[in-house]
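The values are calculated or read from the model by the stated rules, or taken from the named source; none is laboratory data. Computed from a predicted structure; not experimentally measured. Counting neighbours? That spans all protein chains shown, and the Cβs are built from the backbone with ideal geometry, glycine included.
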Amino acid sequence: MSVTTINETTQYLTFKLKDEVFALDISKVREVMDFTTVTKVPQTPDFMVGVINLRGSVVPVVDMRLKFGMSKTEKSVNTCIIIVEIMLDGETTVLGALADSVQEVMDLDPHQIEPPPRIGTRLKTKFIKGMGKRGDQFIIILDIDKVFTAEELAIADDMGGGINSDQAVAAA
């Protein structure tokens, strides 16, 4: 999805990873929760932190900083888990995204969003929906459906015991 398809004001949940501000379309966010005990699952990629118990459902949690090549998230009073719904092959997967802090829910108009940067062909930026502008600050708008590969989500799905959104809603 390119930024040209964003043609109406959209609400985004903004969050921080290190010193950078990222945003997710609010329609993809289920809830934000305080950091809780995460059970590590052996033989998973480094960015797969483990699983949490979300009202009786097993939900995999990923460290977004590690996924984006940053240093591991250091737990603080602001560390939180953003529960998101990701679409893959027509299936919805519920996933927890570890973030340093959540900032706010904000509206961005199409004129406040620039296309993702073109950084050559070697760096993959398909997961960036656009660059939001607020004053002189840039906000990296993520297309959460494209952040993870099919293989990574298959691992997450296995970790979660095949939890899909219908099961997670039923458990809520």
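Look at (1) surrounded by fewer than 16 Cβ atoms within 10 Å (Cβ to Cβ); (2) in contact (Cβ under 8 Å) with a residue 12 or more places away in the chain and you find that GLN43 fails only one, number (2). Scanning segment 51-71 for residues that are without any contact (Cβ under 8 Å) to a residue 24 or more places away in the chain and touching a Lys or Arg at 6+ places or on another chain (Cβ under 9 Å) yields a single hit, LEU66. Among strands (runs of 3 or more DSSP E) entirely within segment 13-87, having at least 1 residues that are under 20 Å from PHE127 (Cβ atoms) and basic (Lys, Arg) singles out 29-34. Going by the structure shown, is THR79 at pLDDT 95 or above, of a type in the set (Ser, Thr, Tyr) and buried (at least 19 other Cβ atoms within 10 Å of the Cβ)? Spelling it out, it is not the case that THR79 is at pLDDT 95 or above, of a type in the set (Ser, Thr, Tyr) and buried (at least 19 other Cβ atoms within 10 Å of the Cβ). Checked against the criterion of being surrounded by fewer than 16 Cβ atoms within 10 Å (Cβ to Cβ), in a helix (DSSP H, G or I) and not charged (D, E, K, R), segment 103-121 contains one or more residues that satisfy it. Only a single item in (1) closer than 21 Å to LYS146 by Cβ; (2) modelled with pLDDT of 95 or more; (3) among the hydrophobic types (A, V, I, L, M, F, W, C); (4) surrounded by fewer than 19 Cβ atoms within 10 Å (Cβ to Cβ) is not met by LEU98, and it is number (4). Could you check segment 117-149 and list, in sequence order, the residues that are among the small types (Gly, Ala, Ser) and either modelled with pLDDT of 75 or more or touching a Lys or Arg at 6+ places or on another chain (Cβ under 7 Å) (or both)? Residues satisfying the conditions are GLY130, GLY132, GLY135. Give just the number: which of (1) surrounded by 18 or more Cβ atoms within 10 Å (Cβ to Cβ); (2) within 19 Å of CYS80 (Cβ to Cβ); (3) at pLDDT below 95 does THR36 not satisfy? With respect to (1) surrounded by 18 or more Cβ atoms within 10 Å (Cβ to Cβ); (2) within 19 Å of CYS80 (Cβ to Cβ); (3) at pLDDT below 95, THR36 is out only on (1).
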